[in-house]
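First the structure, in the form of C-alpha cells, and then the observations on it.
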Amino acid sequence: MPSAIPFSALRQVLVVEDDPYFQRAVGEAVVQVGSPWLVHGCSTGTAALAFCKAPAAGLDLALVDLGLPDLDGIEVIRAVHVRFPAVPIMVISSVCAETRVLSAIRAGALGYLLKGDSGMSMTRAIEQILAGNYPISPKLARCLFKLAGQGSAADAGALPRLTGKETELLGHLADGKSYSQAAERMDVALSTIQSYIRNLYRKLDVHSQTQALLRAREHGLL
C-alpha cells in the first residue's frame, strides 16, 4: 500500500466556481500539472472569502469564475490578492466584456481563460501561470491590445516620468524575466530591483506586475 503524501508536500489550489461539474473539471486539470495538489473548491464568493480569512490557510494558486451567485468575482480576486499577494490568480469564466477583463487584471488576476476556449487548454494555461507567465485567451488578448491602443493617446503624459533603470526593468519583466534574472541582467542587487518595483507601482498607480505591464503598454512605454 503506497504511503500517504505528507500534507506539507501538497500544493494547494482554490477553485471558485458555482457549477459543480465545471469545478470538478478545473480541479482535474490542476492535478494533471506537476506536484500533488490539494483542491479547495468553493461554490460561492462568500465561501471563498471565508477561506481567505482562515488563519492557517495556505495557497499556491487561485482559479476564479466571475459569475458567482452571491458576490462579484472581482471582489474575490481582490480578497485573494490581499491575503496571498504572491499567489498567481487566473480567471476561468465565460464573461468576456473588455471592462470586466480589465477590472479582473487590476484586482490582481495574472491570467484570463475563457471557458471552452479552443485556442488554449485549461491545463496549458495553468502550467503557464505557474511558470510565471500571463496566459490570456487569444480572443481577449486582441481586445485588450486594441483597448490599450485606444487609451494610450488620451492618457499620454499622465504618468510621472520613469527613470532609465525603471524602464529597463519593465522591459525585462515584459520578456518574462524574474526579479533575480533582471537583477543579473542589470548588474544590480535584488534589493535594488525591489526598490525599482516599489517606485514603478507608485508611479504607475498599480498593485501587481501584470497591472504594471498593462499600464506601461497603455502609455506606450513598452
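Taken together, the values in this text are just the output of simple stated rules run on the coordinates, not laboratory data. Note that this is a predicted model, so its numbers are computed, not measured. Note: ideal-geometry Cβ built from the backbone for every residue, glycine included; neighbour counts use all protein chains shown.
Suppose every K and R has +1 on its Cβ and every D and E has -1 on its Cβ; what is the size of the dipole of the stretch 7-146 about the Cα centre, in Debye to the nearest 20?
Working: 12 positive and 12 negative charges, 78 e Å.
The dipole of the stretch 7-146 has a size of about 380 debye.
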Using Cα positions and a limit of under 16 Å, work out the lysines in reach of K165, with same-chain residues fewer than 8 apart set aside. K177, K203
May I ask what percent, to the nearest 5, of DSSP beta bridges between residues of the chain are antiparallel? 5
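Using a 10 Å cut-off on Cβ atoms, rank the peptides 59-70, 18-29, 35-46 from the highest mean neighbour count down. Show your work: numbers first, answer last.
Numbers: 59-70: 20.9, 18-29: 15.3, 35-46: 17.0.
Per-residue mean Cβ counts within 10 Å order the peptides as 59-70, 35-46, 18-29.
What ranking, highest mean first, results for peptides 128-139, 205-216 when packing means the other Cβ atoms within 10 Å averaged over each residue?
Numbers: 128-139: 17.7, 205-216: 19.7.
Descending packing order for the listed peptides: 205-216, 128-139.
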With θ set to phi - 60°, apply the Karplus curve 6.51 cos²θ - 1.76 cosθ + 1.60 along the stretch 98-115 and write out the HN-Hα couplings as whole Hz, x wherever there is a Gly or Pro. 4, 5, 6, 4, 5, 5, 5, 5, 5, 6, x, 5, 9, x, 8, 10, 7, 4
Just to check I understand the Karplus step: with θ = phi - 60° and J = 6.51 cos²θ - 1.76 cosθ + 1.60, what whole-Hz values come out for the stretch 50-66, glycine and proline as x? 5, 4, 5, 7, 5, x, 9, 5, x, 7, 10, 6, 10, 10, 10, 8, 7
Listed by chain and number, the residues whose amide H is under 5 Å from that of L221, excluding neighbours fewer than 5 places away on the same chain and using placed H, are none
Between A54 and R83, what length comes free when the chain is fully extended (0.36 nm per residue of separation minus the Cα-Cα distance, one decimal in nm)? 9.4 nm
Label of the coordinate-derived value, P(r) over Cα pairs in 10 Å bins from 0, in percent, listed as [x] 8, 34, 37, 18, 2; [y] 8, 31, 34, 21, 5, 1, 0; [z] 6, 18, 14, 13, 14, 11, 8, 7, 5, 3, 0: [y]
Listed highest first by mean packing, meaning other Cβ atoms within 10 Å per residue, what order do 165-174, 194-203 come in? 165-174, 194-203
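Within 12 Å, Cβ to Cβ, of L162, how many net charges do the neighbouring residues add up to if Lys/Arg are +1 and Asp/Glu are -1? Each step should come with its number before you reach the end.
Values: positive: R161, K165, R202, K203, R215; negative: E166, E168.
Summing Lys and Arg as +1 and Asp and Glu as -1 gives +3.
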Going toward the positive end of the dipole of the chain, with +1 on Lys and Arg Cβ and -1 on Asp and Glu Cβ, which of S180, N199, A62 do you reach last? N199
Relative contact order of the stretch 156-218: what whole-number percent is it, with Cα pairs under 8 angstrom and at least 6 residues apart? 33
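Tell me the net charge near G73. Cut-off is 11 Å between Cβ atoms, G73 excluded, with +1 for each Lys or Arg and -1 for each Asp or Glu. Working shown, then result.
Working: positive: R78, R100; negative: E17, D18, D65, D70, D72, E75.
Residues close to G73 contribute a combined charge of -4.
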